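Structure first, commentary second.
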Amino acid sequence: MKTLFSGNTAKEKKAAKWIIQVVTVCLLIYLGIRHIDVVIGAVSWLINLFQPLLIGIVFALILNVPMCPIERHLFCKRSGPRAQKVRRSLAIVLSLLLIFGIVLGVAFLVVPEIVEALPMISESVVNLANQMASQEGNIDLGSIPLGDKLSQITIDWPKIVQTITDRLMDSRTTIMSFIVNVAPKIGSKFVSLSFGFVLSIYILYNKEKLKRQVLRLVRAWLPAQFGRNLVHVASTFIGIFKHFIAGQTVEAIILGSLCTVGMMILRIPYAPMVGALVGVTALIPMVGAFIGTCVSAIIIMTVNPFKALVFVIFLLILQQVEGNLIYPRVVGSSTGLPAMWVLTAITAGGNLAGPFGMLLSVPIASALYTLLREATCQREQATREINSDKEK
């Protein structure tokens with residue numbers, strides 16, 4: 001009788017605990033929705049407070065991609081704490097040199113050409129308007145359909161030329177005022193980026209020690225099952241993010257190289273610069289290369305408009321091949337996400353957060369896909385075991 005009573009009491013306590021948990025969660029969800037502005041403000045405050053740390057973690061995740069293979073091949077025959085410290089330091093330095101070298105190389109290739117092309121573009125627009133104004137009286141519109149209606153339309157070309165010139169002059173003033181107004185914000189962001197950069201080096205140098213410390217805190221302060229699930233979720237996101245960065249970089253290099261080779265074959269100017277620009281913008285999944293296409297076409301147009309048209313047609317074809325064949329296989333296989341869900345994630349991420357959302361949507365969707373697949377398999381296994389016990 002005592003055992004039966006204790007069992008009932010244990011069941012009642014378990015049911016009461018479950019009810020309290022459900023009510024608490026529902027109450028928190030209700031309060032969060034009711035005071036969503038307070039929740040958003042608190043989250044923004046926390047993000048701003050820990051912004052350098054978050055930036056450092058992101059930098060560390062990116063730098064860790066080239067650092068790991070570099071570290072594996074440095075002094076691989078030597079062991080011991082001293083060799084490990086030297087190996088880690090050299091791997092970090094070489095990773096930084098590699099990434100900064102790529103960024104500076106692309107900047108030196110692209111920025112001067114864009115700066116040089118801007119005045120040429122402005123002059124081309126003004127010359128085109130002047131040519132249209134000079135040819136307006138020489139065009140016979142009566143021989144074409146609706147020519148009588150078109151001939152009644154009067155266009156003040158000199159006013160259009162003056163408006164374009166004024167707008168171009170105003171744009172320079174606007175850019176200068178924008179730079180002056182944004183400079184303080186850029187300075188504060190630069191400070192956060194600098195602290196984040198320093199933190200990323202510390203994280204990379206002591207990543208094993210930091211991992212042990214975080215695991216100790218999780219095991220000491222969180223329930224066992226919740227702690228295991230949290231560690232598994234974090235490791236899944238980190239692993240997939242690492243594979244995604246590597247896959248996206250490979251895909252960008254492939255696209256930039258194919259673009260450069262194709263432009264050289266077609267004898268389109270600025271082949272190295274445009275290939276580098278298209279490769280860098282391709283880091284934004286799927287649509288980044290289209291941004292590079294528009295900028296590159298404008299630059300090529302200042303030299304040869306026909307070649308610019310050929311370039312656009314060539315890159316559109318190349319992007320179709322890359323988007324449907326190369327990208328889903330390279331990036332999709334590197335993250336474990338099927339090709340269909342890669343495209344779906346990019347579309348949803350772009351609608352939610354623009355280019356930044358496109359960049360992060362694939363690893364986030366891949367991690368969620370992996371976790372959901374694991375949870376589904378575990379639930380199906382548990383259901384099969386319950387059904388098997390019932391049959392017995």
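Given charges of +1 on the Cβ of Lys and Arg and -1 on the Cβ of Asp and Glu, with all other atoms neutral, how large is the dipole of the stretch 1-120 about its Cα centre, in debye to the nearest 20? Please report the intermediate quantities before stating the final value.
Values: 13 positive and 5 negative charges, 248 e Å.
Magnitude of the dipole: close to 1200 debye.
Using a 1.4 Å probe, how large is the accessible area of SER361, given in Å² and rounded to the nearest 10?
Taking all protein chains as shown, SER361 has close to 10 Å².
To the nearest 10 Å², what's HIS243's accessible area with a 1.4 Å probe?
100 Å²
How do TYR205, TYR30, TYR270 rank by accessible surface area computed with a 1.4 Å probe, from largest to smallest? Mind dumping the intermediate values first?
Working: TYR205 85, TYR30 120, TYR270 60 Å².
Order by accessible area, largest first: TYR30, TYR205, TYR270.
May I ask for the percentage of alpha-carbon pairs in the stretch 198-319 that lie more than 26 Å from each other? Walk me through the numbers before you get to the answer.
Values: 3374 of 7381 pairs.
Considering the stretch 198-319, 46 percent of its Cα-Cα pairs are separated by more than 26 Å.
Pop out the ³J(HN,Hα) list for the stretch 10-18 in order, Karplus 6.51 cos²θ - 1.76 cosθ + 1.60 with θ = phi - 60°, rounded to Hz; leave Gly and Pro as x.
Result, rounded to whole Hz: 5, 5, 5, 5, 5, 5, 5, 4, 5.
For the charge dipole of the stretch 54-95, defined by +1 on Lys and Arg C-beta atoms and -1 on Asp and Glu C-beta atoms about the Cα centroid, which residue among PRO81, ILE92, VAL65 has the Cα displaced farthest towards the positive pole?
Of PRO81, ILE92, VAL65, it is PRO81.
Just to check I understand the Karplus step: with θ = phi - 60° and J = 6.51 cos²θ - 1.76 cosθ + 1.60, what whole-Hz values come out for the stretch 358-365, glycine and proline as x?
Here the 3J(HN,Hα) series is 4, 5, 9, 5, 5, x, 5, 5 Hz.
My understanding is that a pair violates if its Cα-Cα distance is over 28 Å; which of LYS17/LYS242; LYS209/LYS242; LYS242/LYS307; LYS14/LYS211; LYS17/LYS207 do that in this structure?
On the way: LYS17/LYS242 40 Å; LYS209/LYS242 20 Å; LYS242/LYS307 39 Å; LYS14/LYS211 35 Å; LYS17/LYS207 39 Å.
Checking Cα-Cα distances, LYS17/LYS242; LYS242/LYS307; LYS14/LYS211; LYS17/LYS207 exceed 28 Å.
So for LYS390, LYS209, what's the accessible-area order with a 1.4 Å probe, most first? Don't skip to the answer; put the middle values down first.
Numbers: LYS390 160, LYS209 100 Å².
The ranking, largest first, comes out as LYS390, LYS209.
Once the other residues with Cβ under 15 Å from the Cβ of GLY288 are scored (Lys, Arg +1; Asp, Glu -1), what is the net sum? Show your work: numbers first, answer last.
On the way: positive: none; negative: GLU251, GLU322.
Here the charged neighbours net out to -2.
Starting at the first residue of the stretch 207-215, write each ³J(HN,Hα) from the Karplus equation 6.51 cos²θ - 1.76 cosθ + 1.60 with θ = phi - 60°, in whole Hz, x for Gly and Pro.
Going residue by residue, I get 5, 5, 5, 5, 4, 5, 5, 5, 5 Hz, with x marking Gly and Pro.
The values are calculated or read from the model by the stated rules, or taken from the named source; none is laboratory data. Being a predicted model, the structure only gives us computed values, none of them experimental. All Cβ positions, even for glycine, are placed from backbone atoms using ideal geometry, and neighbour counts span all protein chains on display. Surface accessibility is based on the protein's heavy atoms, side chains included, excluding ligands, DNA and RNA. Shrake-Rupley method; radii C 1.70, N 1.55, O 1.52, S 1.80 Å.
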